[in-house]
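The values are calculated or read from the model by the stated rules, or taken from the named source; none is laboratory data. Because the structure is predicted, anything quoted here is derived from the model rather than measured. Using ideal geometry, Cβ is built from the backbone for each residue, glycine included, and neighbour counts are taken over all protein chains shown. These accessible areas exclude ligands, DNA and RNA; they are computed on the full protein's heavy atoms, side chains included. Shrake-Rupley method; radii C 1.70, N 1.55, O 1.52, S 1.80 Å.
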Amino acid sequence: MNQFALEAAAVGAREALKLGAVWLVLSAMLEATGRRGLAKYFYAGVSMAALALFLSFSLPAGIAAREFLARLNGYVFFVFFFLGIVVLYQMQRPAWGALQNYMELPLKAAITMLSAFYFSPDLAGSSMFLRELGAMRDAPHAVYVSAAGGFGLVLYITWLSADRLRRRIVRYFATGQFLMFLALLKFLGGGTRGLSESSLVPDVQRGVMKLVHDFIHQLFVFLMVPDHPMLNTTAWDFIGIFFGPNMGMAISLLILVFLPVMYLYRGLTMDVPGVDEAKTGAERRLLRSGEKRRRARLAAPVALFVAAMLVSWYASRGEQAGALYRPSPKPLIEDKGIVVIPLTDPSMDLFDGNIHKFSVLRDGKDINLLVIRKSDGTLAVTLDACEICPPEGYGQNNENVICVYCMTPIPVDTLGKPGGCNPIPLDASITQSEIRIAVSEIDARWADVHTGKDSEAGGE
Amino acid sequence: MDNPKGPGSAIRRGLAYLYSPDGLFWLVAAWVFYYVTYAVWGKEAFASFVASLGHSGIHRFMYILLFSVAAYNAASFVRARFRRSPALAIMWAVLPAGALVFMAGYFLSAAYRIDGVQFVMEGDQVRPPWQAAEFRAGRVTPGLDPEFMAVDGSESLVFAYEPRIAIQTGMASYDVGVFPPTYVEGTYYHVLDFGIAPNISIRRGSREIRSGYAIQRLLPPGQLDEFQMPPMPYRFTLRMSPVRTAQKGSSAAEIYSIEAPVYDVAIYDSGNAVFRGSSAGDVTFDGLSMSFERPGYWVRLEAARDPGLKVIAAGIFIMLAGAPLMIIVLAIRLYVALRAE
């Protein structure tokens, strides 16, 4: 079996594992609560997701579609994590029992829609990946058969072991725990590319770390803390800690695990209801121990979520650190005051979604330019420098361009707009075959970088 | 008598729920959901949120509502537990109090801050647009020694000292550094950057045609900057060059001076170079001569009118004090709960 077929089989197996795990837990819960009839709404939702799989065959498998599905998958993780936290906390409120009486009718619609919402991006994204894999191998049918084989095998194994597993796992799950379990499955296995990108960990890390970075940066702006080495080394090193990846990783992890940990804490410290009404000490002890055991069982999936977060967060730290893509610039030759970047050079594809760098020799010094395709298909043409930082240039980490000096992530789609940490845009003429930039434009924009006079008063 | 089914009663029940712990929970949940949805599907969610606090009535209203509900709940919690254990209640209260102060300061800064940046040399006017009074910039204290070293072409530079500038109001003189900012009659000032401004004189024969300081970003050494002197058609580029080099083994260190710097000079007329050379020698072009006197120093001065700055700082300090206290309180509660079994 060749490498492509193996990878396709593994992708199929991964999707079946997710589907099987969800079906197993959900069916166990429905059976335990005497609501087996609701299972058909889950099947309906999965069928809708399968429809998305077939629809995805008619969509162009481009960068825009991949990015959309990646965002959608990350958003699905957030929605289920959010719902899980909300339900976990409401389950600890006295009104939860009464609230459940009102949930019967919307529950059927919710199961269908949430199932479709949960599985659609996975199935659509994986099918898109398989299509690309098949195109590379020039034998798409072999890839699809392998994927279907992996899918079917894992699903069959899950079905065989269902009865034995259901009885054991049902005690650990209530609604909130189930939703957290769904979020965890998505977090660990929600990648829609091959095995090398199986999880959502890097994407979620980037998103949360951006929030942390933006918050700290804005706070420093308000407190008028300089973000350049104007202070002595000791003070700057102290400030640099807050902008460093370790601080961002730690705070972003804290944001994600804080509420689940507080749920566990409340479970341990909350009073046991009904204890005061017990007539004897033995009754009280029995009530207390029974309730504590029940809480401990229900805490297990949440504790598993926290543990999995901790392990996967720091396990992927190595990937983050080395993931900055910094290509070497290709030199451009000036001709009659113009530099030209061809769009049809066989050695590079400016539309591949990666940053491309070029250099222009001016007054004995190389000025670097940056070109990248945005999600709307247009090219952003900028200097490899911003108005604020020393011009150490930019790297790329998936859908963000990162300033190497201050490590600020900048969404690719915002390139072309001036200001802040954004690379300075260039006025370039883009035709069907080439990008043309006047050297005087490069000189003028580079002068803006160094004088900083574009928007301030003062001067000689 | 109050009608329990009347609109007044419904409003009261609604407010009671809103200001309950459940209400706080749902307000926070709503904000989290809104923010993450915007962050995933929009652009620069946090920057948009902060900007919205400055001009959007609905954002301000929701923020103030959240603040008031959080403050009410924190106060209710402390009051309820004060009778059981005053010490634990107060210890618990410090962290939420700090967070509330921080929230208030953050809102004030986001909503009401005005700031601006100016390149300033000694003798320049300092007058932010919101300020009626005019101040004057005094002496600039450089952030570097008169002669400093750069090793093996390294482009990174950390200043040896904090650059400072004196700001003179009519009544007093204020010493402004990098951090913390200095409060001068309603406005905070601090230094963002420092550099040298070459003092240039252009003569035709013995007659001086143009002279003055050119604010240039020439630090760290190796940076190229340029300027023009209208109506002269020339474009001038400068780069600092070392006044001497020092060799030690395989390492070469270049010594630069900020009191008597040497520049690599290039002069262009319509794209054609009319001069390239060092300022250590004669700089002559098209019948003109250029000389460099002792440079001035400039700072990039940021000014901000911000009612929230001190409040944010106070909130941070209170939270720093409250965090260990909260950990102690939670540990004690956990211990008591486990001991009760």
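Structure shown: which of A:40/A:108; A:210/A:330; A:336/A:417; A:330/A:417; A:210/A:357 lie over 19 Å apart, alpha-carbon to alpha-carbon? List each step's numbers first, then the result.
Details: A:40/A:108 9 Å; A:210/A:330 31 Å; A:336/A:417 28 Å; A:330/A:417 24 Å; A:210/A:357 25 Å.
Correct reply: A:210/A:330; A:336/A:417; A:330/A:417; A:210/A:357.
What shape does segment B:1-121 take by its C-alpha gyration tensor, where a ≥ b ≥ c are the square roots of the eigenvalues and a/c under 1.5 counts as rounded, a/b above b/c as prolate, and the rest as oblate? Intermediate values should be presented prior to the final figure.
Values: a/c = 2.27, a/b = 1.45, b/c = 1.56.
Since a/c reaches 1.5 but b/c is at least a/b, the shape of segment B:1-121 is classed as oblate.
Give me the distance in nm between label points sitting 7 Å out from Cα along the Cα-to-Cβ direction at residue B:260 and residue A:431, one decimal.
The two pseudo-label positions are separated by 5.6 nm.
In deg cm²/dmol and to the nearest 500, what is the mean residue ellipticity at 222 nm of the protein assembly as shown if only DSSP H runs of at least 4 residues count, each as -39500 (n - 2.57), divided by the residue total?
One gets -17500 deg cm²/dmol as the mean residue ellipticity at 222 nm.
Just checking the output field for A:214-222: average partner chain Cβ neighbours within 10 Å of each residue's Cβ? Walk me through the numbers on the way to the answer.
Numbers: counts 7, 3, 0, 2, 7, 5, 1, 6, 15.
Rounded to a whole number, the mean comes out at 5.
Once R0 is set to 25 Å, what does the formula 1/(1 + (r/R0)^6) return for the Cβ-Cβ distance between residue A:276 and residue B:331, expressed as a FRET efficiency to the nearest 0.05? Before the final figure, lay out each step's value.
Numbers: r = 26 Å, r/R0 = 1.03.
Once the sixth-power term is evaluated, E becomes 0.45.
Say R0 is 41 Å: what FRET efficiency, to the nearest 0.05, do residue B:81 and residue B:169 get from their beta-carbon distance? Display every interim value, and only then the final one.
Working: r = 50 Å, r/R0 = 1.23.
Calculated transfer efficiency: 0.25.
Would you mind computing, in nm to one decimal, how far apart the modelled labels at residue B:125 and residue B:282 are, each placed 7 Å from Cα along Cα→Cβ?
4.2 nm
Under 25 Å between alpha carbons, and skipping anything fewer than 8 positions from residue A:279 in its own chain: which lysines qualify?
Straight-line reach from residue A:279, under 25 Å: A:292.
Would you mind calculating the relative contact order of segment B:147-228 from Cα pairs under 8 angstrom and at least 6 residues apart, reporting the percent as a whole number? Each step should come with its number before you reach the end.
Details: 99 pairs, mean separation 16.5, N = 82.
RCO, segment B:147-228: 20 percent.
Pull up all non-local amide H partners of residue B:145: gap of 5 or more, or a different chain, and H-to-H distance under 5 Å with H placed in the peptide plane.
B:160
For the Cα atoms of chain B, what angle does the longest principal axis make with the long axis of helix B:7-18, in degrees from 0 to 90, nearest 10?
60 degrees
From the phi of every residue in segment A:272-284, what ³J(HN,Hα) in whole Hz does the Karplus formula 6.51 cos²θ - 1.76 cosθ + 1.60 yield, where θ is phi - 60° and glycine or proline is x?
Along segment A:272-284, the couplings run 8, x, x, 5, 5, 7, 5, 7, 10, x, 5, 4, 4 Hz.
Which value, in Å² rounded to 10, gives the accessible area of residue A:421 with a 1.4 Å probe and all protein chains present?
20 Å²
Can you check what the net charge comes to around residue B:259, using other residues whose Cβ is under 13 Å from the Cβ of residue B:259 (Lys, Arg +1; Asp, Glu -1)? Mind dumping the intermediate values first?
Numbers: positive: B:294; negative: B:145, B:147, B:293.
Around residue B:259, the charge tally is -2.
Using each residue's phi in segment B:294-300, evaluate 6.51 cos²θ - 1.76 cosθ + 1.60 at θ = phi - 60° and report the 3J(HN,Hα) Karplus result to the nearest Hz, with x for Gly and Pro.
Values, residue by residue: 4, x, x, 10, 10, 10, 9 Hz.
Hey, can you rank B:183-195, B:261-273 by average C-beta count inside 10 Å, highest first? Could you put the intermediate results ahead of the total?
Values: B:183-195: 20.3, B:261-273: 16.5.
Per-residue mean Cβ counts within 10 Å order the peptides as B:183-195, B:261-273.
Dipole of segment A:127-181, Cα-centred, from +1 at each Lys and Arg C-beta and -1 at each Asp and Glu C-beta, to the nearest 20 debye?
Working: 7 positive and 3 negative charges, 89 e Å.
My answer is approximately 420 debye.
Name the long-range amide H neighbours of residue B:262: under 5 Å, sequence gap of 5 or more, or other chain; modelled H, no Pro or chain starts.
For residue B:262, whose amide H was placed from the backbone, the distant partners under 5 Å are B:241, B:257.
Hey, quick one: spin label on residue A:145, modelled 7 Å out along Cα-Cβ, who in segment A:1-28 has an amide N within reach, i.e. under 17 Å?
A:1-10, A:12
Can you tell me the 0 to 90 degree angle between the C-alpha axis of helix B:309-339 and the longest principal axis of chain B, rounded to 10?
40 degrees
How much solvent-accessible surface does residue A:115 expose, in Å² to the nearest 10, with a 1.4 Å probe and all protein chains in place?
We get 10 Å² for residue A:115.
Could you compute the net charge surrounding residue A:381? Neighbours are other residues with a C-beta less than 15 Å from the C-beta of residue A:381; K and R count +1, D and E count -1.
Details: positive: A:330, A:357, A:373, A:374, A:417, A:436, A:445; negative: A:376, A:384, A:413, A:427, A:434, A:441.
Computed value for this residue: +1.
Show me, for segment B:222-230, the HN-Hα J-couplings you get by feeding each phi into the Karplus relation (A = 6.51, B = -1.76, C = 1.60, θ = phi - 60°), rounded to Hz, glycine and proline as x.
x, 6, 9, 9, 9, 8, 10, 10, x
So what is the relative contact order of segment B:1-120, in percent, for Cα pairs below 8 Å that sit 6 or more residues apart?
On the way: 56 pairs, mean separation 30.2, N = 120.
Relative contact order here is 25 percent.
Of B:93, B:125, B:64, which is farthest along the charge dipole of segment B:34-134 in the positive direction, counting Lys and Arg as +1 and Asp and Glu as -1 at C-beta?
Of B:93, B:125, B:64, it is B:93.
Contour minus end-to-end for residue A:354 and residue A:265, with contour as 0.36 nm per residue of separation and end-to-end as the Cα-Cα distance?
Numbers: separation 89, 0.36 × 89 = 32.04 nm, distance 4.52 nm.
Length gained, residue A:354 through residue A:265: 27.5 nm.
Report the charge-dipole magnitude of the protein assembly as shown in Debye, nearest 20, computed about the Cα centre from +1 at each Lys and Arg Cβ and -1 at each Asp and Glu Cβ. Intermediate results must be reported in sequence, preceding the final value.
Values: 73 positive and 69 negative charges, 983 e Å.
The dipole magnitude comes to about 4720 debye.
Output the relative contact order of chain B, whole-number percent, from Cα pairs under 8 angstrom with separation of 6+ residues. Walk me through the numbers on the way to the answer.
Values: 591 pairs, mean separation 72.5, N = 341.
For chain B, the relative contact order is 21 percent.
So for B:169, B:141, what's the accessible-area order with a 1.4 Å probe, most first? Don't jump to the answer; show the numbers that get you there.
Working: B:169 15, B:141 50 Å².
The residues order as B:141, B:169, largest area first.
Residue A:190's amide H: which non-local residues (gap 5+, or another chain) put their own amide H closer than 5 Å, with H modeled 1.01 Å from N in plane and none for Pro or chain starts?
Those qualifying (amide H under 5 Å, at least 5 residues apart or on another chain) are A:200.
Taking square-rooted eigenvalues a ≥ b ≥ c of the alpha carbon gyration tensor, is chain B rounded, prolate or oblate, where a/c under 1.5 means rounded and, failing that, a/b exceeding b/c means prolate?
Details: a/c = 3.02, a/b = 2.41, b/c = 1.25.
Judged from the Cα gyration tensor, chain B comes out prolate (a/c at least 1.5, a/b above b/c).
Report, in debye and to the nearest 20, how large the dipole of segment B:140-283 comes out about its Cα centre when Lys and Arg carry +1 and Asp and Glu carry -1 on their Cβ. Show your work: numbers first, answer last.
On the way: 11 positive and 16 negative charges, 109 e Å.
Charge dipole, segment B:140-283, about its Cα centre: 520 debye, nearest 20.
What shape does the protein assembly as shown have by the C-alpha gyration tensor, where a ≥ b ≥ c are the square roots of the eigenvalues, rounded means a/c under 1.5, and otherwise prolate means a/b greater than b/c and oblate the rest?
Numbers: a/c = 2.66, a/b = 1.54, b/c = 1.73.
Oblate shape, in that a/c is at least 1.5 and b/c is the bigger or equal ratio.
Please give the FRET efficiency for residue A:284 paired with residue A:397, using the beta carbon to beta carbon distance and R0 = 60 Å, rounded to the nearest 0.05.
Details: r = 57 Å, r/R0 = 0.95.
Approximately 0.60, to the nearest 0.05.
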